[in-house]
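Everything on this sheet refers to the single structure shown next.
The values are calculated or read from the model by the stated rules, or taken from the named source; none is laboratory data. Quick caveat, the model's predicted, so the values are computed rather than measured. Reconstructed Cβ throughout: ideal geometry from the backbone, glycine too, with neighbour counts over all protein chains shown. Accessible surface is based on the protein model in full, side chains and every heavy atom, while ligands, DNA and RNA are left aside. Shrake-Rupley method; radii C 1.70, N 1.55, O 1.52, S 1.80 Å.
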Amino acid sequence: MNNNSAKSPLIVSFGEMLIDFVPDVAGVSLADSYGFIKAPGGAPANVACAIAKLGGNAAFIGKVGDDEFGHMLANLLKKNGVNSEGICFDKDARTALAFVTLKTDGQREFMFYRNPSADMLLKESELKMDLIKQAKIFHYGSISLISEPCKSAHLAAMKAAKQAGVLLSYDPNVRLPLWPSPEAARDGIKSIWNQADFVKVSDDEVEFLTKGDPQKDEVVMSLWNDNFKLLIVTDGPNGCRYYTKKFKGKVKGFQVKTVDTTGAGDSFVGSFLLAVANDPNIFEDEKKLTDALLFANACGAISTTQKGAIPSLPDKAQAEKLIKETK
């Protein structure tokens, strides 16, 4: 455990933690894969690990099965320096699994096993509310909105965080196979849209949510809400765009040899949340914001150079090195 983490502001991630099974050969369909590598996953859990690996103070709240995979995941978070007090174990439901196809360009397709999985069964009464209220930032996705009782727990956690003056961070992380329909996904994701302080979406997600061209400013701005302090659009290897009440712009990405894009967005988010937690004035200061986004882009890029999300998360030195080499 690093010494900074006790002093540094707490960032709480909420949602799903699961096991990704990734084929040991890229570019092969699930049907044609012979072997799979077991990789811990779940975007909010990845974000918590990304923060801890960069020296931040991260906690995770969610539910896994009281099974070998669930305990493996909980132990992995602890090993990565993440506070795991908020993890519950379900005696009756299994830890969720996802089989991930890696196409030759490192992009992914998912097949999920959740029927229902433990993460969907987290109840409001199981939330560690004191942990949420002492956070600087409360971070969540949209998968926890898909079914009850987890949806009610998610809304209660957001409400408690908001009332305690905690900043709300939302990365919808669209996973269409998990929703009943694309329309249900769009409605569900947008149902809590206006409550966040900042939102991060990928260019693909902008296209899905708006049905418009994600490269056009006016299309992105249709997602803007005046409650926001910041809206970020990630453009993969091309970096990201940022929009605040006062300014907007682009920050360049990094060219690396991509093996697997799993966790790249989570690595980006974790890095950026740490910057916000350490300096809440970042939304007002364009130079600070672009520096933090450049660093986050570097973290996202590095995480694509290895298979699996958590094992490939960079530390500070790796990100600084990439930025230096690219200058």
Failed criterion for residue 127 (all others in (1) touching a residue at least 40 places away in the same chain (Cβ under 8 Å); (2) within 18 Å of the chain's Cα centre (by Cα); (3) open to solvent by less than 40 Å² (accessible area, probe 1.4 Å) hold): (2)
Selected residue (only one of 55, 35 is closer than 21 Å to residue 269 by Cβ and open to solvent by 10 Å² or more (accessible area, probe 1.4 Å)): 55
Within the range 92-103, tally of residues that are out of contact with any helix residue (DSSP H, G or I) (no Cβ under 9 Å at 6 or more places or on another chain) and open to solvent by 80 Å² or more (accessible area, probe 1.4 Å): 1
Test: residue in the range 233-245 that is assigned to a helix (DSSP H, G or I), in contact (Cβ under 8 Å) with a residue 40 or more places away in the chain and closer than 21 Å to residue 310 by Cβ: no
Residue selected from the range 104-138 under the condition of a type in the set (Gly, Ala, Ser), in contact with a helix residue (DSSP H, G or I) (Cβ under 9 Å, 6 or more places away or on another chain) and part of a loop (DSSP other than H, G, I, E, B), by the criterion modelled with the lowest pLDDT: 106
Evaluation of residue 89 against (1) open to solvent by 10 Å² or more (accessible area, probe 1.4 Å); (2) among the hydrophobic types (A, V, I, L, M, F, W, C); (3) assigned to a helix (DSSP H, G or I) (one fails), failing number: (3)
Residue in the range 104-120 that is within 20 Å of residue 168 (Cα to Cα) and open to solvent by 10 Å² or more (accessible area, probe 1.4 Å) present: no
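Yes/no matrix, rows are residues, columns are (1) in contact (Cβ under 8 Å) with a residue 24 or more places away in the chain; (2) part of a helix (DSSP H, G or I); (3) within 20 Å of the chain's Cα centre (by Cα); (4) crowded, with 24+ Cβ neighbours inside 10 Å:
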{"residue": "259", "(1), (2), (3), (4)": "yes, no, yes, no"}
{"residue": "267", "(1), (2), (3), (4)": "yes, yes, yes, yes"}
{"residue": "292", "(1), (2), (3), (4)": "no, yes, yes, no"}
{"residue": "297", "(1), (2), (3), (4)": "yes, yes, yes, yes"}
{"residue": "301", "(1), (2), (3), (4)": "yes, yes, yes, yes"}
{"residue": "310", "(1), (2), (3), (4)": "yes, no, yes, yes"}
{"residue": "321", "(1), (2), (3), (4)": "no, yes, no, no"}
Lone qualifier among 65, 70, 15 - being touching an Asp or Glu at 6+ places or on another chain (Cβ under 9 Å), surrounded by 19 or more Cβ atoms within 10 Å (Cβ to Cβ) and at positive phi: 15
Members of the range 275-313 found to be among the small types (Gly, Ala, Ser) and more than 21 Å from residue 109 (Cα to Cα), listed by number: 275, 277, 292, 296, 298
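So that you can scan it fast, the table gives a plain yes or no per residue for (1) under 16 Å from the mean Cα position of the chain (by Cα); (2) over 23 Å from residue 209 (Cα atoms); (3) touching a residue at least 12 places away in the same chain (Cβ under 8 Å); (4) open to solvent by 10 Å² or more (accessible area, probe 1.4 Å):
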{"position": "139", "(1), (2), (3), (4)": "yes, no, yes, no"}
{"position": "143", "(1), (2), (3), (4)": "yes, no, yes, yes"}
{"position": "147", "(1), (2), (3), (4)": "no, no, yes, yes"}
{"position": "157", "(1), (2), (3), (4)": "no, yes, yes, no"}
{"position": "161", "(1), (2), (3), (4)": "no, yes, yes, no"}
{"position": "164", "(1), (2), (3), (4)": "no, yes, yes, yes"}
{"position": "173", "(1), (2), (3), (4)": "yes, no, yes, yes"}
{"position": "177", "(1), (2), (3), (4)": "no, no, yes, yes"}
Residue 211 being on the phi > 0 side of the Ramachandran plot, open to solvent by 80 Å² or more (accessible area, probe 1.4 Å) and modelled with pLDDT of 95 or more: yes
Output for the range 1-12, where each listed residue is open to solvent by 20 Å² or more (accessible area, probe 1.4 Å) and either in contact with a Leu (Cβ under 7 Å, 6 or more places away or on another chain) or modelled with pLDDT under 80 (or both): 1, 2, 3, 4, 6, 7
Residue in the range 222-244 that is under 30 Å from residue 74 (Cβ atoms), among the polar types (S, T, N, Q) and open to solvent by less than 50 Å² (accessible area, probe 1.4 Å) present: yes
